[in-house]
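Data first, discussion second: the structure below is written as structure tokens.
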Amino acid sequence: MAKLTSLALLVSALASGAFSSPAPHSEANHDVIHKRDPQRAQAMTVTVTKTVTSASVSTVTKCSTGTSSSRPQTSTTTGRTTSKTSSTPAAPTSTGEPTYDPGTCTWKVHGAGYFANKKEFTFFEDGLPDGLYASNYVVEDTYAGAPYNHVFEGQNVFSDGDFLNLKVPGVSNPRPNTGYAISSAEIVTTENNILYASVRTNAIFSTVPGTCHGIFFYLDDSQECDIEYLTDPNSQSNNIDTQSSQGAPIPLWYSNQAIKSGTPATQATGPAPYDVTAVHEYRIDWTKDFTAFYLDGQLQKKYTTNIPNKPGSWIWNNWANGDYGWSAGPPTQDNVFMIQNITMYYNTANDSNGCN
């Protein structure tokens, strides 16, 4: 994810001794440790050879106009806090498939509104399809107290013929030639003007302890909403509710990062699939009024605070920096976040109403 939210948070964390020994994951250390700088990342993008065949495909359908779930209201950022504010746990609700409305040239997503664009990514061959790129940059975590930095490298992003793999290698990791940064993986949409979306990711999570899997919208540390999974059951953030250091089931984290530095993020945990090694659909609906998080079509959380309101990109990553308050790691063997396909319904800041 991203970069430093506020020097004040770092100073406060250092003064309180937050980094002197492992502690449950907090807003301060999350922000310092794994926020990303998208402009820097874009500038340092690694080139990935793309093979476009009937297999590895990006399919985009766009109406130049469409109703946009109207504009602004707030924003998001920061990290984990033990307080779970403004979570609406609502009974699980299943929604139908989006439908295309030729009258407005938009896709209607039940409960989330209308979107002018649809894009689908599949990953059957080597290379990334049009619309995605692999990140290549270092996140400097050690100055904030993490044992290691982490570095996103294009060599860790590859297709096995069925899935796109985001790998954190378990061999010779971290390496001296990366400044002892843990080699990690990240992909980002080339579209960096997304403003409201419904994004569905069919994926398999790793059971190898020691990384964070992330699926999220991101502009900056005050504009972010996430689904995250920590693969180490003994991460202190995985056990924050049970106060147990062992044996607790690994949850999913659902978050809108805090709009304003020093204020709580809107977040909560929910149960992960019983078998994360099977394909499951992880979905975020982002509108001007709420974010909603779904697992296999069932509503898990719905938030009405800390809603992002500025355009940005969608990101998927797998990383570690050794912080036992969050990602833990590095893994002792290859840890792979496997993405089968991605379907995005979205508006951009440039979309307008109606059809051409």
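Go through the residues of the range 182-192 one by one and say whether even a single one is surrounded by fewer than 21 Cβ atoms within 10 Å (Cβ to Cβ) and of a type in the set (D, E, K, R).
yes
Of the residues that sit in the range 95-124 and are without any contact (Cβ under 8 Å) to a residue 40 or more places away in the chain and not in a loop (DSSP other than H, G, I, E, B), which one is farthest from the chain's Cα centre (by Cα)?
Restricting to residues being without any contact (Cβ under 8 Å) to a residue 40 or more places away in the chain and not in a loop (DSSP other than H, G, I, E, B), the top hit is Asp101.
Select, from Asp296, Asp226, Asp221, Asp285, the only residue that is of a type in the set (D, E, K, R) and in contact with a His (Cβ under 6 Å, 6 or more places away or on another chain).
Asp296
Counting only residues that are of a type in the set (A, V, I, L, M) and in a loop (DSSP other than H, G, I, E, B), which one in the range 295-339 is surrounded by the fewest Cβ atoms within 10 Å (Cβ to Cβ)?
It comes out as Ile307.
What are the residue pairs meeting all of these: first residue in the range 283-303, first residue farther than 17 Å from Thr343 by Cβ and hydrophobic (A, V, I, L, M, F, W, C), second residue modelled with pLDDT of 95 or more and part of a strand (DSSP E or B), Cβ atoms under 8 Å, and 6 or more apart or on different chains?
Qualifying pairs under 8 Å: Phe290/Lys302; Phe290/Tyr303; Leu299/Ala292; Leu299/Phe293.
Can you find a residue in the range 157-169 that is more than 19 Å from Phe217 (Cα to Cα), in a strand (DSSP E or B) and touching a His at 6+ places or on another chain (Cβ under 8 Å)?
No - not one qualifying residue is present in the range 157-169.
One line per residue, one yes/no per condition, for (1) buried (at least 23 other Cβ atoms within 10 Å of the Cβ); (2) not aliphatic (A, V, I, L, M):
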position: Val199; (1), (2): yes, no
position: Ser206; (1), (2): yes, yes
position: Asn234; (1), (2): no, yes
position: Asn238; (1), (2): yes, yes
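Here is a list: Ala248, Ala268. Which entry is out of contact with any helix residue (DSSP H, G or I) (no Cβ under 9 Å at 6 or more places or on another chain), of a type in the set (A, V, I, L, M) and at pLDDT below 95?
So the residue among Ala248, Ala268 that is out of contact with any helix residue (DSSP H, G or I) (no Cβ under 9 Å at 6 or more places or on another chain), of a type in the set (A, V, I, L, M) and at pLDDT below 95 is Ala248.
Residue check, Val188 against (1) outside any strand (DSSP E or B); (2) under 21 Å from Tyr218 (Cβ atoms), all met but one. Which one?
Tallying (1) outside any strand (DSSP E or B); (2) under 21 Å from Tyr218 (Cβ atoms), Val188 fails exactly one: (1).
Of these, Tyr218, Tyr229, Tyr254, which one is under 15 Å from Tyr324 (Cα atoms), within 15 Å of the chain's Cα centre (by Cα) and at pLDDT 95 or above?
Tyr229
Scan the range 283-306 and give yes if some residue there is in contact with a Leu (Cβ under 7 Å, 6 or more places away or on another chain), within 30 Å of Val138 (Cβ to Cβ) and not aliphatic (A, V, I, L, M), otherwise no.
No, the range 283-306 has no match at all.
The values are calculated or read from the model by the stated rules, or taken from the named source; none is laboratory data. Treat the numbers as computed from the prediction; the structure is a model and nothing was measured. So basically every Cβ, Gly included, is an ideal-geometry build from the backbone, and we count neighbours across all protein chains shown.
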